[in-house]
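Read the structure below first, then the notes.
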Amino acid sequence: MLMKKPNPIPPGPGQESVWDYPRPPRVEDVPERVRVVFNDEVIADSTRAKRVLETASPPTYYIPPGDVRQAFLLPARGHTWCEWKGEASYFDVVVGEGRVARAAWTYVRPRPGYVAIAGYVSFYAGILDCYLGEEKVQPQAGNFYGGWVTRRIVGPFKGDPGTSGW
């Protein structure tokens, strides 16, 4: 059964529709502060992050390695492949006795068009506390997607219940 494309929610003032994001995705600078916290420790804090915008998905935020506390990241097994960005490598986030498996990822050698995020680190919201400005973000639905949902975007989003097939 083929599912039809959902009806985009019209954006309000100061909002963006993920249905206006491009395909292939675009990388752009993030003017706001981006922070990631786990077990009461700041894992990352940046005003130099980048976001990747792709049709139907909430933005995914990538933080430069110099703004990430690398001591809290341990390389994890396995890789995944993105048709646009290439091969992703994963990290467990470990703070004290707390450990979250495969909570972060990076593209060491991304494909052309995405070299701006080479070595940058992205984190899964929901299993870590992630902030855009002062807003605590919500995770994109599903166990695979890494988008950050904020008040500034409207969907429906890829991964939301009832959206498989598009």
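The values are calculated or read from the model by the stated rules, or taken from the named source; none is laboratory data. Everything quoted here is computed from the prediction, not taken from an experiment. Cβ placement follows ideal geometry from the backbone for every residue including glycine, while neighbour counts extend to all protein chains displayed. Note: areas computed on protein heavy atoms with side chains; ligands, DNA, RNA excluded. Shrake-Rupley method; radii C 1.70, N 1.55, O 1.52, S 1.80 Å.
Would you kindly find the accessible area of D160, with a 1.4 Å probe and non-protein molecules such as ligands, DNA and RNA excluded, rounding to the nearest 10 Å²?
Approximately 40 Å² for this residue.
Using θ = phi - 60° and the Karplus relation 6.51 cos²θ - 1.76 cosθ + 1.60, list the HN-Hα couplings for the range 13-28 in order, rounded to whole Hz, with x at every Gly or Pro.
My calculation for the range 13-28 gives x, x, 10, 10, 9, 5, 7, 9, 6, x, 9, x, x, 10, 9, 9 Hz in order.
Where Lys and Arg each count +1 and Asp and Glu each count -1, what net charge lies around V108 among other residues with Cβ under 12 Å from its Cβ?
On the way: positive: K85, R109, R111; negative: E87.
Neighbour charge sum, excluding V108 itself: +2.
Of the heavy-atom accessible surface of the chain (probe 1.4 angstrom), what whole percent is carbon and sulfur?
The nonpolar share, carbon plus sulfur, comes to 53 percent.
What does the net charge come to around R35 if you take all other residues with beta carbon closer than 14 Å to its beta carbon, with K and R at +1 and D and E at -1?
Spelling it out: positives minus negatives among the neighbours equals -4.
Multiplying the sequence separation of W84 and A101 by 0.36 nm and subtracting their Cα-Cα distance, what value in nm do you get? Mind dumping the intermediate values first?
Numbers: separation 17, 0.36 × 17 = 6.12 nm, distance 2.43 nm.
Full extension from W84 to A101 adds 3.7 nm.
Leaving out ligands and nucleic acids, and using a 1.4 Å probe, what accessible area per residue does the chain come to in Å²?
That works out to 53 Å² for each residue.
Where does the charge balance sit around V154 when Lys and Arg score +1, Asp and Glu -1, over other residues with C-beta under 14 Å from its C-beta?
0
Given the chain reduced to its alpha-carbon atoms as identical point scatterers, what log10 I(q)/I(0) does the Debye formula return at q = 0.09, 0.14, 0.17 Å⁻¹?
-0.29, -0.71, -1.05
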